[in-house]
Amino acid sequence: MDFEPPFQQTWKATLLQNSSHEALLTSHDYDKLSLAEECELPMIDLSHLNLGHLERDKCMNDIAQAANQWGFFQVVNHGVSQKVIKSMQYEQKRLFHMPFAEKVEKNFLNLSSNCYRWGNPQATCLRQFLWSEAFHISLNEIPTMNDLHKSLKSTIEAFVKVVSGLAKNLAEILAQPLGVQSIYFEENCPPRSSYLRLNRYAPRPFPSQVFGLVSHTDTDFLTIVHQDQVGGLEIFKDGRWMAVKPNPEALIVNIGDLFEALSNGIYKSIKHRVVTGQEVERFSVAYFYCPSYDVVVRSCGDEPSTYRQFTLREYKLQTQIDVQETGEKVGLSRFLL
């Protein structure tokens, strides 16, 4: 298949770089991935926000409680139509199934040169290798997308139009119990500071399981995800990995590092990962709600701050340094007081 990145060749090269002992340990760790039990995330029906005061208050409290106890929840009646979702799924499959040689061209979508990403060619061990490919699109680049992909562009615009408003509304709801003014996000998260990521997780050609995305937390305030029915998303809660049961009607929302810092640890940015399937490919689309690079994020509330203040620019720079030096993101612990 000419659309498939050279996962197997890179995987084999990485395997040969490791000692047989490390390879065995890594293989053993991967085999454990199948043990994750399935869970259903807290379900929030956003239509209750349009009912009476009691229903609205309960819905808002449920959102804050899920952000505190889980760091993840799912929402229905979110405003993204099934028509847009189905169109996004169709366009993603069409995009990713274009020849690999075309996808890696710098002007493929007329976006930034690092828009298309696959695997992790810099991986030094198997646990860092990613069996996935993605298009990472800044919202301010969408208007410049290549005219050869008009249907993809219009579908992305339709999806972003609804999800960007949803992210802002959820952030404002979560801000209220913290005493953060709702205008905070209006002022600090301009529409084009966020970005979209289209993901494809290729089927693996061998029994041992591999990661589509390694364990990590998201950097942003909020992430909103639509995943297909294949499954593979896992969250780390109560000391164990749990597989998130797909729901065709729902969008998944998770708290990012910036919101955990802003909330002084009340809301939780928890580790999650994606495990690939052996027989079928998996698609998802993620919207990352971010502030401008130089916005100062500081913990709110009356309690002593857990984290020192920082900007998104500073946070991303530290992450780049950590990935280069350790092979993985360290995250918020770098900013503890």
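The values are calculated or read from the model by the stated rules, or taken from the named source; none is laboratory data. Quick caveat: nothing in here was measured; it's all calculated off a predicted structure. All Cβ positions, glycine included, derive from the backbone under ideal geometry; neighbour counts span all protein chains shown. When the accessible area is computed, the model is the full protein with side chains, heavy atoms only, and any ligands, DNA or RNA have been set aside. Shrake-Rupley method; radii C 1.70, N 1.55, O 1.52, S 1.80 Å.
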*Compute from the Cα atoms of the chain the Rg and the Dmax, the latter being the longest Cα-Cα distance, and quote both in angstrom.*
19.9, 63
*asked:* Run the helix sum for the chain: -39,500 (n - 2.57) per DSSP H stretch of 4+ residues, divided by residue count, reported at 222 nm to the nearest 500 deg cm²/dmol.
replied: -10500 deg cm²/dmol
*Protein accessible area in the chain, 1.4 Å probe - carbon and sulfur %*: 51 percent
*Note down the accessible area of Asp62, probe 1.4 Å, to the nearest 10 Å².*
50 Å²
*Helix 312-326 vs. the chain, principal-axis angle (Cα, 0 to 90°, nearest 10)*: 30 degrees
*With all protein chains present and a 1.4 Å probe, how do Thr276, Thr10 order by accessible area, largest first?*
Thr10, Thr276
*So which chymotrypsin sites (Phe, Trp or Tyr not before Pro) in the stretch 244-317 are both in a DSSP loop and have at most 15 other Cβ atoms within 10 Å of their Cβ?*
Tyr293
*asked:* With the cut-off at 27 Å, tell me which of the pairs Lys150/Lys329; Lys103/Lys268; Lys150/Lys271; Lys58/Lys268; Lys12/Lys316; Lys93/Lys245 have Cα atoms farther apart than that.
replied: Lys150/Lys329; Lys103/Lys268; Lys150/Lys271; Lys12/Lys316
*Return the loop-located GluC sites (Glu not before Pro) in the stretch 298-337 (DSSP other than H, G, I, E, B) with at most 14 other Cβ atoms within 10 Å of their own Cβ; answer none if there are none.*
Glu328
*Just how large is the dipole of the chain about the Cα centre, in debye to the nearest 20, putting +1 at every Lys and Arg Cβ and -1 at every Asp and Glu Cβ?*
480 debye
*asked:* As a test question: what accessible area, to the nearest 10 Å², does Asp218 have when a 1.4 Å probe is rolled over all protein chains in place?
replied: 10 Å²
*How much accessible area does His53 have with a 1.4 Å probe, in Å² rounded to the nearest 10?*
150 Å²
_Accessible heavy-atom area order of Arg94, Arg200, highest first, probe of 1.4 Å_ = Arg94, Arg200
